[in-house]
Amino acid sequence: MNYVLKRGLNVPVITVLDDSSRVIQEEQRRVIRHVVQDGYGADIVFGVGTTGEWNRLSNSQRQSIMEIEVDELRRINQELSSRDQRPRVEAWVGVNGRTRAEVLSNLDTAIQLGADAAVIAPLAIEDLEENAIVRFFQHDLTNLIEATRHEKPIFLYDNAEISAPGRATHIRTRIVKHLSRLPWVRGIKVSASRRALGNYTKAALHFKQQSEFGIYIGNAMLIFELYRPSHGLIGRLGEGWRDFLLNDTPPIGVVSGPANVMPREWQKAWRVCWAGDEEMIEVYRDLCLRFGQLCSFTESGKKSMKMIACLKYALELDGLISYGEVGQGTASLSSEQKKIFSDGYLALRDYSQRAINRSWQTLANVGQVF
């Protein structure tokens, strides 16, 4: 394949739902424009993923969101190109479904729409046994891709939160090794430890060059540790161990749900981490950590993370969307929690205005659909 791996910030966009769980198309487009930030935000927009609540939607809704995303990004890229701005933003779509038939239908839709890449979480497919994953990719998916004559890049998606009942929490390394033989399997989005990242890299490098298979960090805060320069003997030993675990192949991108709300801040966070700017790494780590803490609540004596609900409510507070509704089954915010989050979020906005350069503060008025 001639596909060149895209580096940088990958934003898994939320799905905008009304109080009847219907997708609000105009506001979905507005969110996509918001995360792009006129070329200063997302390098990749990833729709119909876990942050987009794919498992709370009907399959027809998933395909509708794919269409909206691909069409809106095509318009955005045309506008950015006409102004001679930064490289185009890629449209990745999650083609997952509960069944193999849904996955095949969704992949066909993604190909016909012209999405830049498709993302599949094999462990989330309920009628696909673990020992049949390789065959499903080698036969069913390959037959579909070859029939359409479009070798669409496909990225694996490894997220323990959405594994089907009875499945392993992570894709086994040997499965990644087998799947990496396929020319159109080009990387993996994974929320796991650096050791797991390295295992996947090692597996893929049996059949791929380093430039042919990309690792995208799903545990976004990990970038602040992974790319931080080391000092002294102990630091150098730690850095050597890190490089050993990663097989000297660092991940090429980060997948950040909070970047729905702070796309410019997360773009800059990625840049300073990749550059090894220790001073600014600490500034952006603190800012991103504060937002994550706002999304954690104590309920019945236990910590509860309500990231998706907070992302939607923040976008509602910013005037980007009319509804902060979450899909059925997604943890929602109580009235009291909304008040706590609102106060903290507004304070965080004030703090970011003092802590970081104005150029990297997200603008709330770039979500206008033209």
Using the Cα centre as the reference, give the magnitude of the dipole from point charges on the C-beta atoms of the chain (Lys, Arg: +1; Asp, Glu: -1; all else neutral), rounded to the nearest 20 debye.
740
Based solely on its DSSP helices, what 222 nm [θ] is calculated for the chain when runs of n ≥ 4 H residues each add -39,500 (n - 2.57) and the sum is averaged over all residues, nearest 500 deg cm²/dmol?
-13500 deg cm²/dmol
Which entries of Lys202/Lys268; Lys268/Lys303; Lys6/Lys202; Lys177/Lys306 have Cα-Cα distances beyond 26 Å here?
Lys202/Lys268; Lys268/Lys303; Lys177/Lys306
Cα convex hull of the range 247-370 - mean projected area over all directions, nm²:
10.5
Hey, what D do you get for the range 49-129 in µm²/s if you plug the Kirkwood alpha-carbon radius into Stokes-Einstein at 4 °C and 1.567 mPa s?
97
So, how do all the Cα-to-Cα distances of the range 285-324 break down into 5 Å bins, in percent, from 0 on up?
6, 23, 21, 23, 17, 7, 2
The answer for Gly94, listing residues at least 5 apart or on another chain whose modeled amide H is closer than 5 Å to its amide H, is Gly47, Val48, Gly49, Val119
Quick check on the chain: of the DSSP beta bridges with both residues there, what percent are antiparallel, nearest 5%?
20
What lysines does Lys302 reach when the alpha-carbon gap must be under 30 Å and sequence neighbours fewer than 8 apart in one chain are set aside?
Lys189, Lys312, Lys338, Lys339
Hey, what D do you get for the chain in µm²/s if you plug the Kirkwood alpha-carbon radius into Stokes-Einstein at 20 °C and 1.002 mPa s?
102
Taking Cβ-Cβ under 4.7 Å as the only way to count a partner, pick out the unpartnered cysteines of the chain.
Cys273, Cys288
So between Glu129 and Met221, what do we pick up on full extension, going 0.36 nm a residue minus the alpha carbon distance?
29.9 nm
Students often forget the sequence filter, so: which aspartates and glutamates lie under 15 Å Cα-Cα from Lys208 once same-chain residues fewer than 8 apart are removed?
Asp248
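Every number here is computed from the coordinates shown, using simple stated rules; none is lab data. Just so we're clear, the structure is a prediction, and the values are computed from it rather than from any experiment. Cβ sites come from the backbone with ideal geometry, for glycine too, and all protein chains shown count toward neighbours.
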